[in-house]
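Take a look at the structure below.
Read-outs: derived from the displayed coordinates by stated rules, not from any lab. Computed from a prediction, not measured in an experiment: that's the story for all the values here. Don't worry about glycine lacking a Cβ; one is built from the backbone with ideal geometry, like all the others, and counts go over all protein chains shown.
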Amino acid sequence: MGILFNIPDFVWTMINLAVLYLILRKVLFKPVTEFMENRANSIRQQLEESKANNQKALELKENYEKIIASIQMEAEKIKKEAEREAQEKYDEIIKQAKAEAEILIAKAREEMEMERIEMMKNMRNEIVSLALEAASKVIEANMDTEANRRFVDEILDRKNIA
């Protein structure tokens, strides 16, 4: 029989194994298990904090995007209002310039008409003077020049040369 089974050695080996197990359990297994649980809890907590921070970041991003959109809308509104005001001012300036131009044109026409009338009077007087001078030379008579002037004026009035 090749294997001898010795019960007292077996019992002592079992007692040694039991004691070794209890010592290892007390000294090694329990701290390692606690360390592993603490590490797992720490990792779990960090993951939860990371998720919470990620959620906060997403909320902040959404808020900032809303604020940016609001600011862009406000900027667009201000831009459109400025463009509208500029167009109104432009229209008012154009309207005022047209009115001033019309006034200047009307004044120029009045001045031209007055100058034309004055020129026609001067021309009529010159024609009358020339006609009297020519008539005086032709007639070579001593006539009243004022009567001749009235006579020529009557003739011109009948011919509508005024």
Conditions first: (1) part of a loop (DSSP other than H, G, I, E, B); (2) surrounded by 10 or more Cβ atoms within 10 Å (Cβ to Cβ). Ile23 passes all but one, so which condition is the exception? (1)
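Yes/no per residue for (1) under 30 Å from Arg158 (Cβ atoms); (2) touching a Pro at 6+ places or on another chain (Cβ under 6 Å); (3) aromatic (Phe, Trp, Tyr):
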site	(1), (2), (3)
Tyr64	no, no, yes
Ala69	no, no, no
Lys89	no, no, no
Ile94	no, no, no
Asn125	yes, no, no
